[in-house]
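A.B. asks: I have a structure here, written as structure tokens, and I will follow up with some questions on it.
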Amino acid sequence: MTLAINLAGVLLIGLIIWWFWLSRPGAKVQAASNETTVIVEDGVYTPSVLHAKAGTPLTLHFQRKDPSPCAEQVIFHGLDSSTFLETGKTTTVTLDNPPAGEYRFTCQMQMYQGRLIVD
Amino acid sequence: MQTQTLPIQGATCQGCANKIHTALTRVEGVDHVEVDLDHQQVQVQGEADPAALQSALQQSGYAAEETGSTCHHQASAATPSSTQQQETRLAITGATCASCVRTIEDALRGTPGVTQAEMNFADRTATVAGTASTDTLIQAVEQAGYGASLATDSDADNQDEQEQAHYRQLLRHMWLGLGLGVPLMAWGLLGGDMTVRPGQPSQWIWLGIGVLTLGVLATAGRHFFVGAWKALRNHNANMDTLIALGTGAAWLYSMAVVLVPGALPEAARHVYFEASAMIIGLINLGQALEVRARGKTSAAVKRLLDLGAKTARVVRDGKETDIPVEQVHTGDLLRVRPGEKIAVDGDVQDGESRIDESMLTGEPMPVAKAVGDRVSAGTLNEGGTLLYRATAVGRDTALSQIIALVRKAQGSKPPIGRLADQVSAVFVPTIMIIAVVAALAWYNLGPDPRLTHMLISATTVLIIACPCALGLATPMSVMVGVGKAAEHGILIRQGEALQTSSKLDTIVLDKTGTITKGKPAVTALLCAQGQQEDALLQLAASLESGSEHPLAKAILTEAENRGLSLLEASQFAALNGKGVTARLSGKRYRLGNRRWLESEGVAITLDSTPLTDNGATPLFLADDEQLLGIIGVADRIKEDSSAAIRRLKDAGLTVIMITGDIQASADAIARQAGVDEVMAEVLPEDKAEKVKALQQQGRTVAMVGDGINDAPALAQADVGFAIGTGTDVAIESAAITLMGGSLHGVADAMAISAATVRNIKQNLFGAFIYNSLGVPVAAGVLYPFTGSLLSPVIAGAAMSLSSVTVVTNASRLRLFNPGKGETR
């Protein structure tokens, strides 16, 4: 019994490390498009992974459905872009020709997390 | 076979679809046609000629104005200006049911130039794509029997309502959680039995309570579980994950105790339904308090949003009508009466008045406006009536740009917040691991009942850990700090400037227009024996009457101030680099520099040293024979410059003045202003080099200048301040823009920056300390000393309070007064 519980604990730790840090979400990948709608609801951006083509402006329509203050801003780290999102409305964020690379976009507290891949 | 997608417009029913279908299938090479009314497009399969298809569509009457395989909506939104397509959002009134939506959409789609129209019934707005003007769209909706106006993003009232609704919902959830949790906890505290005894009636009672708790989790706690699940699927973990895991684990364990008590040791048959319900209640309470406290942190932006006028008095065809400000177009003629707000940016066409611009620039004195002057939306007309022509409306007004700038800066983070960001990114999974480790430690090393201890320690660790406090520490303070600065007419572009401004050691001030007024004025008059000041000035002003030179303007202004009339001048001649000469009342006079008059044989019988010592340029006036007097013209320092420079020096900064003036005049101004060092005779293009040289000495340098001529130096400095920009906020060379002209703005900006950084440090310190003490205590490190574990309920209360504390501390910054204790 003791061994089983300890083994389960260690496995659980391994699972946490693997799921949250080592593996990357494969699903919900948005097809390469320079105009996309992102829904902000229940603690997640949908889609949370965005692909975009480098060298063209990127237009993102954020639909904020979550009224909690956590969701009120979207910040693109490394692209000097932060925008307030109004509840129940669509706010358009335009990124001017983001250079190729991978950028995180999050809320202020980084509870909402997404990735923008420009290639 | 290929598929071509063609945009259509005006197709609203199946009849239209049939017509399009028939028209296109007749075209040679078409195999299949599919009409998509929702997206106003048609897909054609086959080898048909695109031009023929387009022609057929046009004949059917449903062709959109543009063709191509690109989705129309995407093309218009991505490049609205290049195609003249635009997306318009209308606020709709009078729509009471879902069928109204169809009517309104049909009315809009039937309007020429509209390619797509969709109505959102939830927020009563319609989004219309196409080339139709806003007025046409509004008319179309009105003809359909509903009301419409241009929806604005600054719809603050609606936002407030949503915030209120969210607040009330959180309170309802709190009551649900506490309504069940408090009586249960009171029962336990008053000595009631919280354990399950197999076969006793109490087992059934606990089962009922377990179901009730599940009800609380499924209603008041639903958003935590949904959020946690969605995040989990995205390989993310957030605050919801911790709460859902903590409360879920407590409920599952308790249900196991109720359903199969025999499987657990007797000492471990304790239920924790009260913990689940209390935690859900307390965290909803914490979130409600946070919503309230956050409302205060964005007060500055709300105040700016409130500045905008709701209506404007437009003059069309000689008639004046009040219309909603959203319907004003550039080029419209508008009237503003005393006591009214300026509705949009414009140029004054008629009238004179004084405008209070303090709400934007921080300058307390009203500004005189006459024909040709610019007026800005949101400012207050105090005196007369003005007629002005709109030059910028909607998002293009200075006020809207200021709001946009402030909001953008409020979201940026100074480097000090990066550590917290890095910790936040890995925080939740780390806490989950700590919870598992704590549970295993209690299982292997702890005393009995081990299972209970495992559950309590793991649950308490999950609940007490607060990523919110950590995540909010920096952004909340930046939000309040940047807003506070905006209230003082200071626009901070990046969060980084906040941090750098708080650790500057050297400040370089441009002289002209920064320390001084930038407009020369007569500062002294020296008369030869027998001469009068006014007569001297009258002669000088008459000589200069045709000149545009700044020195000439200074003399003319002084003469006008003294009410002196000008004499008629003849045979006027301006000698470059020397002075001017003309005949006045039949006699020749000369006004110019010393060297010229001396070369003309005029004896300089007056001493001009007192003038030059004070930084004035001496102009010598002579008739045909002798010197009549000397007029000193100087660019005077602003009244409050020396007080502001004293504030900067008191803050420990070395204050340096930089100017192209010769050393003697520069020294004179420097003495009056009280700066520490002077850099004179510096060419404008060399200012940036001078700043760089200071940086190479290891100094952290701020540069204050006008934002245009000094742009390279502003960009070179660690922090650039553009001063006196008025409502022209498009100064990108400077990290900080001071809309007012006073140097106190620089001192204020630095004081606000220092206070903000101090506030961030307090918040970060609090958040780190809270988490790094709270988590080990929750895991049970104090058990050997206290003999008990921290209750998960207390952990829930502490967690709720920690984020509220951060937000409250940040909103304390609102009360900060940058000029406190200073003479202003």
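The values are calculated or read from the model by the stated rules, or taken from the named source; none is laboratory data. Quantities reported herein were computed from a predicted structural model and do not represent experimental measurements. Here Cβ is always computed from backbone atoms with ideal geometry, including for glycine, and neighbour counts include all displayed protein chains. For the accessible areas, the whole protein counts, side chains as well, though only heavy atoms, and no ligand, DNA or RNA atoms are used. Shrake-Rupley method; radii C 1.70, N 1.55, O 1.52, S 1.80 Å.
A.B. asks: For the subset of region B:254-271 comprising residues that are touching a helix residue (DSSP H, G or I) at 6+ places or on another chain (Cβ under 8 Å), assigned to a helix (DSSP H, G or I) and away from chain A (no Cβ under 14 Å), which member is surrounded by the fewest Cβ atoms within 10 Å (Cβ to Cβ)? First the steps, then the outcome.
C.D. replies: In the first step, residues of region B:254-271 are kept if they are touching a helix residue (DSSP H, G or I) at 6+ places or on another chain (Cβ under 8 Å); the result is B:254-259, B:261, B:263-265, B:267-271.
Add one more test, that the residue is assigned to a helix (DSSP H, G or I), and what stays is B:254-259, B:261, B:263, B:267-268.
Then drop every residue that is not away from chain A (no Cβ under 14 Å), which leaves B:254-259, B:261, B:267.
Details: B:Ser254: 25, B:Met255: 18, B:Ala256: 18, B:Val257: 26, B:Val258: 23, B:Leu259: 14, B:Pro261: 20, B:Ala267: 12.
Result: B:Ala267.
A.B. asks: Additional query: Taking B:Ser298 as meeting all but one of (1) surrounded by 18 or more Cβ atoms within 10 Å (Cβ to Cβ); (2) closer than 21 Å to B:Gly394 by Cα, write down the number of the exception.
C.D. replies: Against the list (1) surrounded by 18 or more Cβ atoms within 10 Å (Cβ to Cβ); (2) closer than 21 Å to B:Gly394 by Cα, B:Ser298 comes up short only on (2).
A.B. asks: If you don't mind, another one. I'd like the residue in region A:78-89 that is within 8 Å of chain B (Cβ to nearest Cβ) and touching a Phe, Trp or Tyr at 6+ places or on another chain (Cβ under 8 Å) and, out of all such residues, is least open to solvent (accessible area, probe 1.4 Å).
C.D. replies: Restricting to residues being within 8 Å of chain B (Cβ to nearest Cβ) and touching a Phe, Trp or Tyr at 6+ places or on another chain (Cβ under 8 Å), the top hit is A:Ser82.
A.B. asks: Residues of region B:389-413 being within 14 Å of chain A (Cβ to nearest Cβ) and either within 11 Å of the chain's Cα centre (by Cα) or of a type in the set (A, V, I, L, M, F, W, C) (or both), which ones? Before the answer, list the steps.
C.D. replies: Residues of region B:389-413 that are within 14 Å of chain A (Cβ to nearest Cβ), as a first pass: B:395, B:400, B:403-413.
Residues satisfying the conditions are B:Ser400, B:Ile403, B:Ala404, B:Leu405, B:Val406, B:Arg407, B:Lys408, B:Ala409, B:Gln410, B:Gly411, B:Ser412.
A.B. asks: Looking at region B:376-394, which of the residues that are more than 12 Å from B:Lys341 (Cα to Cα) and out of contact with any His (no Cβ under 9 Å at 6 or more places or on another chain) is surrounded by the most Cβ atoms within 10 Å (Cβ to Cβ)? Full working, then the answer.
C.D. replies: Initial filter on region B:376-394 (more than 12 Å from B:Lys341 (Cα to Cα)): B:384, B:387-394.
Checking the rest, the ones that are also out of contact with any His (no Cβ under 9 Å at 6 or more places or on another chain) come to B:384, B:387-389, B:391-392, B:394.
Numbers: B:Gly384: 14, B:Leu387: 16, B:Tyr388: 26, B:Arg389: 16, B:Thr391: 15, B:Ala392: 18, B:Gly394: 17.
Once the filter is applied, the top-ranked residue is B:Tyr388.
A.B. asks: For region B:397-414, give me each residue that is open to solvent by 40 Å² or more (accessible area, probe 1.4 Å) and modelled with pLDDT under 85. If you could, list the steps in order and put the result at the bottom.
C.D. replies: Of region B:397-414, the ones open to solvent by 40 Å² or more (accessible area, probe 1.4 Å) are B:401, B:404, B:407-408, B:413.
If the condition is that a residue be open to solvent by 40 Å² or more (accessible area, probe 1.4 Å) and modelled with pLDDT under 85, then B:Ala404, B:Arg407, B:Lys408, B:Lys413 are the ones that fit.
Conditions (1) of a type in the set (Phe, Trp, Tyr); (2) open to solvent by less than 40 Å² (accessible area, probe 1.4 Å); (3) within 12 Å of another protein chain (Cβ to nearest Cβ); (4) within 27 Å of A:Ser48 (Cβ to Cβ), marked per residue:
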{"residue": "B:Asn234", "(1), (2), (3), (4)": "no, yes, yes, yes"}
{"residue": "B:Ile243", "(1), (2), (3), (4)": "no, yes, yes, yes"}
{"residue": "B:Leu252", "(1), (2), (3), (4)": "no, no, no, no"}
{"residue": "B:Phe273", "(1), (2), (3), (4)": "yes, yes, no, no"}
{"residue": "B:Ile279", "(1), (2), (3), (4)": "no, yes, no, no"}
{"residue": "B:Arg292", "(1), (2), (3), (4)": "no, no, yes, no"}
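A.B. asks: Got a sec? Which of B:Leu419, B:Leu470, B:Leu405, B:Leu455 is more than 28 Å from B:Arg814 (Cα to Cα) and of a type outside the set (Asp, Glu)?
C.D. replies: Details: B:Leu419 fails: more than 28 Å from B:Arg814 (Cα to Cα); B:Leu470 fails: more than 28 Å from B:Arg814 (Cα to Cα); B:Leu405 fails: more than 28 Å from B:Arg814 (Cα to Cα).
None of the others qualify; the one that does is B:Leu455.
To keep it simple, each residue is scored yes or no on (1) modelled with pLDDT of 80 or more; (2) part of a loop (DSSP other than H, G, I, E, B); (3) on the phi < 0 side of the Ramachandran plot; (4) away from every other protein chain (no Cβ under 14 Å).
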position	(1), (2), (3), (4)
B:Ala95	no, yes, yes, yes
B:Ile104	yes, no, yes, yes
B:Ala107	yes, no, yes, yes
B:Thr111	yes, yes, yes, yes
B:Ala117	yes, no, yes, yes
B:Asp123	no, yes, yes, no
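A.B. asks: Of the residues in region A:55-82, how many are among the hydrophobic types (A, V, I, L, M, F, W, C) and within 13 Å of A:Thr94 (Cβ to Cβ)?
C.D. replies: Let us first name the residues in region A:55-82 that are among the hydrophobic types (A, V, I, L, M, F, W, C), namely A:58, A:60, A:62, A:70-71, A:74-76, A:79.
Imposing the further condition that a residue be within 13 Å of A:Thr94 (Cβ to Cβ) reduces the set to A:58, A:60, A:62, A:74, A:76, A:79.
The total comes to 6.
A.B. asks: So, one more: Sort through B:Ala409, B:Ala404, B:Ala390, B:Ala377 and tell me the only one that's assigned to a loop (DSSP other than H, G, I, E, B), more than 13 Å from B:Gly351 (Cα to Cα) and not β-branched (Val, Ile, Thr).
C.D. replies: Details: B:Ala409 fails: assigned to a loop (DSSP other than H, G, I, E, B); B:Ala404 fails: assigned to a loop (DSSP other than H, G, I, E, B); B:Ala390 fails: assigned to a loop (DSSP other than H, G, I, E, B).
Going through B:Ala409, B:Ala404, B:Ala390, B:Ala377 in turn, just one is assigned to a loop (DSSP other than H, G, I, E, B), more than 13 Å from B:Gly351 (Cα to Cα) and not β-branched (Val, Ile, Thr): B:Ala377.
A.B. asks: What's the number of the condition B:Lys503 fails, among (1) open to solvent by less than 60 Å² (accessible area, probe 1.4 Å); (2) farther than 30 Å from B:Pro610 by Cβ; (3) basic (Lys, Arg)?
C.D. replies: Exception for B:Lys503: condition (1).
A.B. asks: Out of all the residues in region A:15-28, is one or more open to solvent by less than 40 Å² (accessible area, probe 1.4 Å), in contact with a Cys (Cβ under 9 Å, 6 or more places away or on another chain), within 9 Å of another protein chain (Cβ to nearest Cβ) and modelled with pLDDT under 85?
C.D. replies: We begin by selecting, within region A:15-28, every residue open to solvent by less than 40 Å² (accessible area, probe 1.4 Å); these are A:16, A:20, A:23, A:25.
Filter again for in contact with a Cys (Cβ under 9 Å, 6 or more places away or on another chain), leaving none.
Checked region A:15-28: no residue is open to solvent by less than 40 Å² (accessible area, probe 1.4 Å), in contact with a Cys (Cβ under 9 Å, 6 or more places away or on another chain), within 9 Å of another protein chain (Cβ to nearest Cβ) and modelled with pLDDT under 85.
A.B. asks: Which of the strands (runs of 3 or more DSSP E) found entirely inside region B:417-532 contain at least 1 residues meeting this: within 14 Å of chain A (Cβ to nearest Cβ)? Working first, answer last.
C.D. replies: On the way: elements: B:490-492, B:506-510, B:516-527.
Filter on region B:417-532 gives B:490-492.
A.B. asks: Next question. Against the conditions (1) surrounded by 20 or more Cβ atoms within 10 Å (Cβ to Cβ); (2) not in a helix (DSSP H, G or I), where does B:Val781 fall short? Just the number, please.
C.D. replies: Going through the list (1) surrounded by 20 or more Cβ atoms within 10 Å (Cβ to Cβ); (2) not in a helix (DSSP H, G or I), B:Val781 breaks only (1).
A.B. asks: I'd like to check something: does region B:271-290 contain any residue that is free of Cβ contacts under 8 Å to residues at least 24 places away in the same chain and over 30 Å from B:Ala404 (Cβ atoms)?
C.D. replies: To start, the set of residues in region B:271-290 that are free of Cβ contacts under 8 Å to residues at least 24 places away in the same chain comprises none.
No: zero hits.
A.B. asks: Which of the residues that make up region B:206-227 are within 14 Å of another protein chain (Cβ to nearest Cβ), assigned to a helix (DSSP H, G or I) and buried (at least 24 other Cβ atoms within 10 Å of the Cβ)?
C.D. replies: Result: B:Phe224, B:Gly227.
A.B. asks: Separate question: Inside region B:290-329, can you point out the residues that are modelled with pLDDT of 85 or more and of a type in the set (Asp, Glu)?
C.D. replies: The answer is B:Glu320, B:Asp322.
A.B. asks: Are there any pairs, at least 6 apart or on different chains, whose C-beta atoms fall under 8 Å, with the first in region B:664-676 and open to solvent by less than 30 Å² (accessible area, probe 1.4 Å) and the second in a helix (DSSP H, G or I) and small (Gly, Ala, Ser), and if so, which?
C.D. replies: Pairs found: B:Ala673/B:Ser641; B:Ala673/B:Ser642; B:Gly674/B:Ser642.
A.B. asks: In addition: Tell me which residues, restricted to region B:537-558, are assigned to a helix (DSSP H, G or I) and either without any contact (Cβ under 8 Å) to a residue 40 or more places away in the chain or among the basic types (Lys, Arg) (or both). Can you show your working first?
C.D. replies: Within region B:537-558, the first condition is being assigned to a helix (DSSP H, G or I), and the residues that meet it are B:537-543, B:550-558.
Selection gives B:Gln538, B:Ala541, B:Pro550, B:Ala552, B:Lys553, B:Leu556, B:Thr557, B:Glu558.
A.B. asks: To continue, here is another question. Out of B:Leu90, B:Leu180, B:Leu170, I need the residue that is at pLDDT 80 or above, crowded, with 19+ Cβ neighbours inside 10 Å and more than 14 Å from chain A (Cβ to nearest Cβ). Which one? If you could, list the steps in order and put the result at the bottom.
C.D. replies: Values: B:Leu90 fails: more than 14 Å from chain A (Cβ to nearest Cβ); B:Leu170 fails: more than 14 Å from chain A (Cβ to nearest Cβ).
None of the other options fit; the residue is B:Leu180.
A.B. asks: Next up: Pairs, please: C-beta under 9 Å, at least 6 apart or cross-chain, first residue within 23 Å of B:Gly563 (Cβ to Cβ) and in region B:511-536, second open to solvent by less than 50 Å² (accessible area, probe 1.4 Å) and of a type in the set (Lys, Arg)?
C.D. replies: Here the result reads B:Lys517/B:Lys638, each pair linking region B:511-536 to a residue that is open to solvent by less than 50 Å² (accessible area, probe 1.4 Å) and of a type in the set (Lys, Arg).
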